[in-house]
Amino acid sequence: MGSITFTGNSLDELVQEIRQFLRQVDASLSSQTPAQPVLTPVPAAQPAPMQQAPPVTPVPTAVPEYTHEQLGRAVAGWIDKSPDNRKKALELLSALGCQSVTQLDTPAKRAAYAIALRAQGVQI
């Protein structure tokens, strides 16, 4: 790194030295041929290979329909495992306004009962 020193004894002398210096720099730069910028070609970027997204498994949107027989068999197996499960099964039915599986008169009620049974660990 270089340094430039101005040695004027007053502000006016310093200003004169700086102006003279700038004139010399301007003259030096104007006498030189302007440098041509060096252009280096940039290789074109290679597009990233397309990655295929994994196949999407559709989420079932329809509520599966259960029959009274399917639910009855599932509840019977659950009750066989423990007598306490009978009380739980009746409480689940009662929450739906029913006293037996056969009173689950709509697909929505049967599906709700199936969900409640599954929450208890019952396999349907």
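FYI, it's all coordinate maths here, none of it is from the lab. Keep in mind that this is a model prediction, so the values were computed, not measured. Cβ sites come from the backbone with ideal geometry, for glycine too, and all protein chains shown count toward neighbours.
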Original post:
Looking at the stretch 70-96, which of its residues are surrounded by fewer than 18 Cβ atoms within 10 Å (Cβ to Cβ) and β-branched (Val, Ile, Thr)?
Top reply: Ile79
Original post:
What is the one condition in (1) surrounded by 14 or more Cβ atoms within 10 Å (Cβ to Cβ); (2) part of a loop (DSSP other than H, G, I, E, B); (3) not charged (D, E, K, R) that Gln99 does not satisfy?
Top reply: (1)
Original post:
Which ones in the stretch 110-122 are surrounded by fewer than 17 Cβ atoms within 10 Å (Cβ to Cβ) and not hydrophobic (A, V, I, L, M, F, W, C)?
Top reply: Arg118, Gln120, Gly121
Subject >> Pairs where the first residue, in the stretch 72-99, is closer than 15 Å to Gln123 by Cβ and the second is of a type in the set (Gly, Ala, Ser) and not in a loop (DSSP other than H, G, I, E, B), C-beta under 8 Å, 6+ apart >> reply: Ala74/Ala114; Val75/Ala89; Trp78/Ala89; Ile79/Ala89
